[in-house]
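The values are calculated or read from the model by the stated rules, or taken from the named source; none is laboratory data. Being a predicted model, the structure only gives us computed values, none of them experimental. All Cβ positions, even for glycine, are placed from backbone atoms using ideal geometry, and neighbour counts span all protein chains on display. The accessibility values were calculated without ligands, DNA or RNA, using every heavy atom of the protein model including side chains. Shrake-Rupley method; radii C 1.70, N 1.55, O 1.52, S 1.80 Å.
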Amino acid sequence: MYKNVTIALPEHVWRKARELAAKRRKSLSALIREQLEALTQEKNELEEVTEEILTIMQEHFGTLTKWRREELCGVPSGTP
């Protein structure tokens, strides 16, 4: 089910968006809807990854070690 939304755009944005929609053979509403769907999907994926990272951190709290630069890069700590 779709909900109608009214937005106000500067005229130059409206014109360019309308031109872009026409080039893609879509309505302006379809173009905006697709962009909003993609934006909300990206946010959901970011939230999922963040939750996974937090879970791993909580599960391994106190068991992870801090690495020194020498161990990671093979470069002495005094070397730039």
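Structure data summary
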| read-out | value |
| --- | --- |
| Count - residues of segment 1-34 that are open to solvent by less than 100 Å² (accessible area, probe 1.4 Å), assigned to a helix (DSSP H, G or I) and not basic (K, R) | 12 |
| Given (1) open to solvent by 90 Å² or more (accessible area, probe 1.4 Å); (2) assigned to a loop (DSSP other than H, G, I, E, B), number of the condition E48 does not satisfy | (2) |
| Check on E42, assigned to a helix (DSSP H, G or I), at pLDDT below 85 and touching a Ser or Thr at 6+ places or on another chain (Cβ under 8 Å) | no |
| T6 β-branched (V, I, T) and either in contact with a strand residue (DSSP E or B) (Cβ under 8 Å, 6 or more places away or on another chain) or modelled with pLDDT of 80 or more (or both) | yes |
